[in-house]
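Just below is one structure, and these are the notes that go with it.
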Amino acid sequence: MSKRRKRLHELLLALVNKQDYFELIEDDSENLKNTFSSTDSKDFSKIIERNRKILKKYQSLVRTAVTLDALMDSENEENFKINK
């Protein structure tokens, strides 16, 4: 694993650990094999919507980690130029 990738991974884990409550995506793959009644379809759409919201939160955490990593890189480059 490259240094940058490891640093991103560590930043992401730190951000996840800062969360009060970290939801996981539901796995209802068993339901995909069944035929749905109208009430089942409504429940399934709720699961999809919930998972979509969770995925957006994951994406937000990853973007934050990438941004923090880029800021750290730019700070390190700036410090390197000053110290020369």
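The values are calculated or read from the model by the stated rules, or taken from the named source; none is laboratory data. Everything numeric in this text was worked out from a predicted model, so none of it was measured. Note: ideal-geometry Cβ built from the backbone for every residue, glycine included; neighbour counts use all protein chains shown.
Numerical summary
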{"item": "Pairs where the first residue, in the range 14-35, is of a type in the set (Phe, Trp, Tyr) and the second is modelled with pLDDT of 60 or more and in a helix (DSSP H, G or I), C-beta under 8 Å, 6+ apart", "result": "Phe22/Val16"}
{"item": "Filter pass, Asp28 being modelled with pLDDT of 65 or more and either surrounded by 10 or more Cβ atoms within 10 Å (Cβ to Cβ) or over 22 Å from Glu10 (Cβ atoms) (or both)", "result": "no"}
{"item": "Sole exception among (1) outside any helix (DSSP H, G or I); (2) modelled with pLDDT under 85; (3) surrounded by 10 or more Cβ atoms within 10 Å (Cβ to Cβ); (4) not small (Gly, Ala, Ser) for Gln19, by number", "result": "(2)"}
